[in-house]
1. Within region 178-191, is even one residue out of contact with any Leu (no Cβ under 7 Å at 6 or more places or on another chain), farther than 21 Å from residue 250 by Cβ and not polar (S, T, N, Q)?
2. Yes or no: residue 388 out of contact with any Ser or Thr (no Cβ under 6 Å at 6 or more places or on another chain) and open to solvent by 60 Å² or more (accessible area, probe 1.4 Å)?
3. Which is at pLDDT 95 or above, over 19 Å from residue 204 (Cβ atoms) and either hydroxyl-bearing (Ser, Thr, Tyr) or assigned to a loop (DSSP other than H, G, I, E, B) (or both), of 292, 246, 280, 268?
4. Please determine, by comparing only the residues of region 229-285 that are within 15 Å of the chain's Cα centre (by Cα), among the acidic types (Asp, Glu) and open to solvent by 10 Å² or more (accessible area, probe 1.4 Å), which one is farthest from residue 148 (Cα to Cα).
5. All but one of (1) buried (at least 16 other Cβ atoms within 10 Å of the Cβ); (2) farther than 30 Å from residue 153 by Cα hold for residue 94, so report the exception by its number.
6. Filter region 97-123 down to the residues that are open to solvent by 10 Å² or more (accessible area, probe 1.4 Å) and part of a strand (DSSP E or B) and list them by number.
7. Six or more apart or on different chains, Cβ under 8 Å: which pairs go from a residue in region 248-262 that's at positive phi to one that's at pLDDT 95 or above? Could you list them?
Amino acid sequence: MADNIPVGSTTAGSIAVAAESTVATRMSAPPSFDVADFPVPHGREEEWRFTPLDRLRGLHDGTAAAADGEGVRVDVTAPDAVTVETVGRDDARLGRAGTPVDRVAAQAYSSFEKATVVTVAKEAVLAEPVRIAVHGQGGTSFGHLVVELGAFAEAVVVIDHTGDAVLAANVDYVLGDGAKLTVVSVQDWDDKAVHVAQHNALVGRDASFKSVVVTFGGDVVRIHPRVEYAGTGGEAELFGLYFTDAGQHQEHRLLVTHNVPHCKSNVAYKGALQGDDAHAVWIGDVLIQASAEGTDTYELNRNLVLTDGARVDSVPNLEIETGEIAGAGHASATGRFDDEQLFYLMARGIPEAEARRLVVRGFFAELVQQIGLEDVEQRLIEKIEAELEASV
């Protein structure tokens, strides 16, 4: 269930086979677009037990009002083969990739006024990325974004969150057969921002979906990526990196549902924490349904605690309803700096502060390289350096 756990680390996880397990109950929670179908959470529920509800600014109990500030501005820069539309709530393309699975996601779906739909034409191969800038201008907002690729299209999409906002949103990724989509979602909010979002990916036959979620800023950030498959041969890669500073709460809750045969998924998230009351939560759920024979899946979470006073909760779960799979596994580990690595670098004349930076950069390097965009990669490296410099 877990490997290479450093001394002093914490990990929890489960592999369930029985359909009546507690894991199965959580993974199969009934979704709904109606906020009334979800009771107001009190923090004792499994899906909310790690989240500081008192810091969600009313997103969870219906007291948040969308009219108390300037809201969020969404700007899209895209190549010619891409259509960008602002649509109303009655557009048939909204909600196709997935249904809200908690009260905040349902509140967001019930409350947004306009949605942004980005469509990449069938067989179009984009030479430049689609860049979506989501900038908070104060106040509370509810949003909905759809990114849809036609059959055999290929695209890279960068979603950049900045500024100050209280934002609840749903994001849908719909991949046609044979399509290839890479999405980089960067949460670089100001210190007081609150961001709760459900990301839904529907992966077509022989399609490939790669998600890279990067979280730095904000007071509370809770991201819920979910993947389902619309045909055989689909592949999903979910990568993430987060740097949790003093007082921040960053939570990533993933669910990959293997519902058709012969699909693959790979999950790898890494986080670093520093400062008093820094709290990171990673929940990784993978469900292999009885119909999903030939599934190949693995999930991994690694956390590096840089200072005292920081806390990590890491919970990988795997539920398997068929014995006919290609492979399945998970691992989770949390630990402090490797003293041998620091000693090795310092013995060669590298000052301790610089040695610590090199270790952290090496820890994140594998995931940063998954982005594939030099300007975004360089920005993230600089952000990591700035976070480490602030702690010295």
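1. yes
2. no
3. Step by step, each of 292, 246, 280, 268 is checked, and only 246 is at pLDDT 95 or above, over 19 Å from residue 204 (Cβ atoms) and either hydroxyl-bearing (Ser, Thr, Tyr) or assigned to a loop (DSSP other than H, G, I, E, B) (or both).
4. 285
5. Failing condition for residue 94: (2).
6. 116, 119
7. Every condition considered, the pairs that remain are 262/232; 262/233; 262/293; 262/294; 262/295.
Yes or no, residue by residue, for (1) farther than 29 Å from residue 206 by Cβ; (2) of a type in the set (A, V, I, L, M, F, W, C):
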{"position": "81", "(1), (2)": "no, yes"}
{"position": "119", "(1), (2)": "no, no"}
{"position": "131", "(1), (2)": "no, no"}
{"position": "139", "(1), (2)": "yes, no"}
{"position": "143", "(1), (2)": "yes, no"}
{"position": "165", "(1), (2)": "yes, yes"}
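The values are calculated or read from the model by the stated rules, or taken from the named source; none is laboratory data. All values derive from a computational prediction rather than experimental measurement. Positions of Cβ are backbone-derived with ideal geometry, glycine not excepted, and every protein chain shown enters the neighbour counts. Just the protein is used for accessible areas: all its heavy atoms, side chains included, with ligands, DNA and RNA removed. Shrake-Rupley method; radii C 1.70, N 1.55, O 1.52, S 1.80 Å.
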